[in-house]
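Read the structure below first, then the notes.
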Amino acid sequence: MARRDPDGLAQPAITPVQTPGSSMAGKPTPLLEALRTLGHAIRDAVLAGRARVGDTIPGTTHDADVIRADTDHGPDHQGDTIYRIDVRAEEVVMETAHAWMHDPAHPVPGPFAVIAEGLPGDGWACFPAGTPREAVRTVVIIDPIDGTRGLMHGKRSAWALLASAPGPAILGRPPRLGDIDTAVMAEIPTARARYADTLWATRGNGVRGETLDLATGTVIPARPAPSGATDLSHGFATISKFFPGTKVLASELEERLFAEVMGDPPGGAPLIFDDEYISSGGQLHELIAGHDRFVADLRPYFMDHLEALARDAGDTTPRRRICCRPYDLCTILIAEEAGVIVNDGRGNPVDAPLDTISDVAWAGYANRALANQVQPVLSRLLAELASHR
């Protein structure tokens with residue numbers, strides 16, 4: 001995410017590497033290039049739309065209009081709320097998918113499927129149309145704009161998240177998050193930003209990146225570097241509590257976790273700082289770029305607890321579960337290739353089918369030392385939560 005220097009000009013969030021081509025070690029695959037090109041097309045479409053309507057007061061344009069909520073697709077669709085700003089991005093995705101299908105170079109091996117927020121049901125669209133899922137060779141999962149709310153109000157960058165995995169025809173089963181082998185995240189900056197990052201990774205080959213100067217069009221290779229801190233002292237660490245519903249449980253667990261891990265701060269001065277970035281891709285980027293040391297989104301566990309309490313009280317009314325989805329976390333591979341430790345909050349690998357409806361919990365640590373310090377306490381506290389009524 002772009003930041004600003006004392007004169008008000010934005011500065012790159014990731015340190016540029018001035019050696020030409022150093023971030024391009026190894027020849028990119030056609031699939032990686034296809035995902036990266038689509039990520040940039042989404043970014044550019046949003047920026048072009050912003051230029052057309054003007055930027056007088058961020059958040060007051062039609063971009064803030066709700067087009068549809070997840071319930072508009074019926075009970076089988078549990079994606080996110082869709083705003084006007086999302087619609088053009090969805091159009092770019094589908095236009096590009098049709099172009100892939102007709103490209104004689106076959107950058108995305110077919111038959112393929114696109115899984116994206118905004119598509120009906122569990123988010124699958126097969127190409128060519130009518131292809132049975134078991135015949136799909138490549139799956140591309142996309143969150144066109146992760147962080148819509150912050151972007152449309154001019155608060156923080158959003159991210160185009162894209163990843164691919166072998167399809168059922170290759171795996172012999174439906175693909176899951178752990179099957180992703182290529183991922184790209186492209187920053188969609190606010191109107192006042194000057195720089196925009198793009199990061200990408202293929203499994204086992206590390207992470208690469210570049211920073212675009214929006215004023216000049218110059219692209220500078222860049223390498224991310226997660227924090228090397230060995231504790232949370234004087235750093236940013238957060239358990240997500242974006243909106244009402246699970247705030248109390250999240251805050252109570254956060255207080256207990258940090259008290260056990262860090263103890264009482266000397267002289268009462270705060271040692272750990274909170275930062276709510278309403279974008280899972282943005283949260284991962286903060287870990288990758290060295291800004292945050294620990295981030296966890298544990299909403300599925302909190303929702304499980306609240307539902308169990310309700311059942312014990314005789315209340316079986318279905319509750320809306322507003323949780324992280326697989327498309328929100330499709331770029332975990334980039335974080336892991338950068339050295340970030342990511343798990344399900346209980347110490348297990350993050351695992352979910354590639355769809356738009358499954359709940360996903362996750363925790364990320366900037367390095368192994370931090371994970372070794374915090375994870376045992378977090379695992380115990382979550383176990384206590386699960387057993388407590």
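The values are calculated or read from the model by the stated rules, or taken from the named source; none is laboratory data. Just so it is clear, the structure is predicted and the values come from calculations on it, not from any experiment. Reconstructed Cβ throughout: ideal geometry from the backbone, glycine too, with neighbour counts over all protein chains shown.
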Subset of segment 352-378 [part of a loop (DSSP other than H, G, I, E, B) and touching a strand residue (DSSP E or B) at 6+ places or on another chain (Cβ under 6 Å)]: A352, L354, A366
Checking the conditions here, which among G147, G206, G154 is closer than 25 Å to A225 by Cα, surrounded by fewer than 19 Cβ atoms within 10 Å (Cβ to Cβ) and either touching a Ser or Thr at 6+ places or on another chain (Cβ under 7 Å) or outside the structural domain of V350 (by TED's automatic domain parsing) (or both)? G206
Would you be able to tell me the number of residues in segment 267-296 that are in a helix (DSSP H, G or I) and surrounded by 18 or more Cβ atoms within 10 Å (Cβ to Cβ)? 9
Matching residues, segment 209-219, being out of contact with any Leu (no Cβ under 6 Å at 6 or more places or on another chain), surrounded by fewer than 18 Cβ atoms within 10 Å (Cβ to Cβ) and either of a type in the set (D, E, K, R) or in a strand (DSSP E or B) (or both): D213
For segment 205-228, pairs from a residue that is touching a residue at least 60 places away in the same chain (Cβ under 8 Å) and on the phi > 0 side of the Ramachandran plot to a residue that is of a type in the set (A, V, I, L, M, F, W, C) and loosely packed, with under 14 Cβ neighbours inside 10 Å, with Cβ under 9 Å and 6 or more apart or across chains, are G206/A25
Going through segment 227-254 one residue at a time, which ones are over 19 Å from Q375 (Cα atoms), under 21 Å from the mean Cα position of the chain (by Cα) and not in a loop (DSSP other than H, G, I, E, B)? K247
Being farther than 25 Å from P128 by Cβ and either of a type in the set (V, I, T) or part of a strand (DSSP E or B) (or both) is the filter here, so list the residues in segment 144-153 that pass it. I145, D146, T148
In segment 209-265, the residues that are under 18 Å from L378 (Cα atoms), touching an Asp or Glu at 6+ places or on another chain (Cβ under 9 Å) and modelled with pLDDT under 95: M262
Single match in R173, R156 (criterion: free of Cβ contacts under 8 Å to residues at least 12 places away in the same chain, of a type in the set (D, E, K, R) and in a loop (DSSP other than H, G, I, E, B)): R173
Would you mind telling me which numbered condition in (1) in a loop (DSSP other than H, G, I, E, B); (2) in contact with a helix residue (DSSP H, G or I) (Cβ under 9 Å, 6 or more places away or on another chain) L381 fails? (1)
Are there strands (runs of 3 or more DSSP E) fully within segment 27-143 with at least 3 residues that are modelled with pLDDT of 95 or more? List them. 112-116, 124-127
State whether one or more residues within segment 313-321 are over 22 Å from A383 (Cβ atoms), among the basic types (K, R), outside any helix (DSSP H, G or I) and at pLDDT below 95. yes
